[in-house]
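This report refers to the structure that appears directly beneath it.
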Amino acid sequence: MRKLLCAICALLCLALNAGAADLRPPLLLTGSIYRDSQDLSGAWTYSKDLYRTGLTDINGWVAKSRMQRYRDIDVTAEEAKGGVGFYEFDMDRGPQMNIPGAWNAAQPELRYYDGLIWFQRKFSARPLRGQRAFLRFEAANYRAYVYLNGKEIGRHEGGFTPFVLEVTEALRGGENRLTMGVDSTHDAQTIPTPITDWDLYGGITRPVRLVYTPATFIDDAYLHLNPDGSIAGTVQLNGPQAAGQQVSVKIGDLADISVKTDAQGGATITLPPPRGLQRWSPEHPALYDISFSTAGDTLRDRIGFRTIAVKGSRILLNGQPIFLRGVSMHEEEFGPNPARNMTEPAARALLSEIKQQLHGNYVRLSHYPHSETTLRLADEMGLLVWSEIPVYWTVDWDNPAVLRKALTMQAETIYRDRNRAAVILWSVGNETPVSEPRTRFHAAMAANVRALDPTRLISAALLVERHKANGEDVTVIKDPLLEHLDVLAVNTYTGWYGDDKLADLPAMKWQVPADRPLILSEFGADALAGYHDASMKKFSEEYQAEYYRNTLTMASRIPTLAGMSPWVLKDFRSPRREHPVFQNGWNRKGLLSETGARKQAFDVLADFYLHH
């Protein structure tokens, strides 16, 4: 009991100080896609290590040298020398896998592999001549152990956020050996925990780049639009000459100002309302070419400017009410064997279905930060975004170390995406059962968001309850987390899970707070594409379509409704779903099949959005 009380006290202290905690990653390399870089995508060799012998031996002892995959050694040459030594790995002669991409799609034997795999990529770096060099990993799921030329250069935990490691001193002339251990194992202290309703995948799922910068460079720059039309932001330099530098900030043809960095290399940017500024919106997703320049470096980006706010039960974009016409989406490309390799064409194919075919203006990116490629496309195409980290169902609520992981993931996501006009909502949780420790945990997350990014709205996908009121069934939200949210959101599957009949849905009553907007963050029903049944049996396209018709009728009667993101755009992998006829490892609630076949419910939703 004493240990539990101590843990709760520590959690409360961390929650109260979340806003003051220094969660900024040591290196950001914001806008690195526009920097001088070397793409390390392509064929990497790999070696399975289910028992983790490349990291530790039995009882936690140091791994035996013959097992250490990260060693900078030519095993073939050493074996040719003969002698008593031998090796139980050879990264140079191992099988190959295309990176980025989850290993689960690479080989049938890896489909359900869950553990540690080592990857290797050899590359030649150019002479630096006073420059610096960094490896930027856009994502590796879930824990990463990174070695360059046999020396550990860093580690990272979290499967969907970027991390940067400096390798200026570790690089050598000629060939370099990059080795990376990726462990997909989840446990009670990871985020998420091992049981989800989606495939956790494993591996180096997003690009790896070797980025070159000057000795002193612009590590981060951020701009946003204030409610009064002025522009504010920050810029941060990194390097020996970071202090006292003049930084020129140019916003298209609208503005060109100069600021001076302080002793820590940072500067605040303030700009009066620019004349002629076009505000970003789904109808007109205006993006400006931005440059931040010092005497020795230039950082470029494309940024849109808009405001987002709540007034009563309405969401206001640029001061005008907007109804969020959206859908939820997992990060899986179209195809029978997705590898979570979100290339620009793959991401565009998914988002185009929402924007052009569903007549949508909004996407809920579930249940983790999606790729930077997807976020930048949402900016370009004009799709508002809900973003969340995978605090999903349940985590170890009383553990301060787990909360710290959540706050760190939030920070990594916010710092990556805070220049994206498309992002309007940060979510702090999905379907987490109410308890005091859980609510404290989420309250700390909400406080963290407000400290790091007060320009956007906070929500969470909550559960609902059914109560009797005056003899009628009424759906209510009984959750103390409400007071920490700007926008209320609920997941409801009435008519799919439970005993309710489809015909009863339209008349169902809701009792929700009148002072804030409500989003139906999820609702849906499974259907196997091509399975038809006139009597509307479950898993038929007819049942799913009728479910949508009746649920949309019900939703239209909720006076505070400000948007929706039905579950889900397309069928996705889920080891929980194993009906041998209808599922076979797929969650079938998609409006599209995994290969893009349109189900009847797709047209039902598209028609609804066309007239709303």
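The values are calculated or read from the model by the stated rules, or taken from the named source; none is laboratory data. The structure presented is a predicted model; accordingly, all values stated were derived computationally and were not measured. Note that we place each Cβ from the backbone using ideal geometry, even for glycine, and neighbour counts take in every protein chain shown.
Miscellaneous remarks
- Put simply, of Phe123, Phe160 the only residue that is aromatic (Phe, Trp, Tyr), outside any strand (DSSP E or B) and in the same structural domain as Asp92 (by TED's automatic domain parsing) is Phe160.
- Single condition Ala20 does not satisfy, out of (1) modelled with pLDDT under 95; (2) over 26 Å from Pro162 (Cβ atoms): (2)
- Restricted to segment 380-422, and to residues there that are of a type in the set (Asp, Glu) and under 15 Å from the mean Cα position of the chain (by Cα), the residue that is farthest from Phe163 (Cα to Cα) is Glu388.
- Taking every residue in segment 417-439 that is closer than 21 Å to Ala451 by Cα and pairing it with any residue that is assigned to a strand (DSSP E or B) and basic (Lys, Arg), at least 6 positions away or on another chain, the pairs with Cβ-Cβ distances below 9 Å are Asn419/Arg302; Leu425/Arg364; Ser427/Arg364.
- Lone qualifier among Thr261, Thr294, Thr270 - being under 18 Å from Pro227 (Cβ atoms), over 23 Å from the mean Cα position of the chain (by Cα) and either among the β-branched types (Val, Ile, Thr) or assigned by TED's automatic domain parsing to the domain that holds Pro517 (or both): Thr270
- Looking across segment 299-333, the residues that are touching a residue at least 24 places away in the same chain (Cβ under 8 Å) and closer than 30 Å to Ser593 by Cβ come down to Phe323, Leu324, Arg325, Gly326, Val327, Ser328, Met329, His330, Glu331, Glu332.
- Within segment 463-499, tally of residues that are of a type outside the set (D, E, K, R), closer than 23 Å to Arg549 by Cα and either outside the structural domain of Ser565 (by TED's automatic domain parsing) or outside any strand (DSSP E or B) (or both): 7
- Options Gly85, Gly101: the member that is in a loop (DSSP other than H, G, I, E, B) and more than 17 Å from Ser184 (Cα to Cα): Gly85
- The criterion of at least 2 residues that are without any contact (Cβ under 8 Å) to a residue 24 or more places away in the chain and farther than 30 Å from Leu171 by Cβ is met by the following strands (runs of 3 or more DSSP E) wholly inside segment 187-283: 255-260.
- Within segment 137-157, tally of residues that are among the small types (Gly, Ala, Ser) and either assigned to a strand (DSSP E or B) or touching a Leu at 6+ places or on another chain (Cβ under 6 Å) (or both): 2
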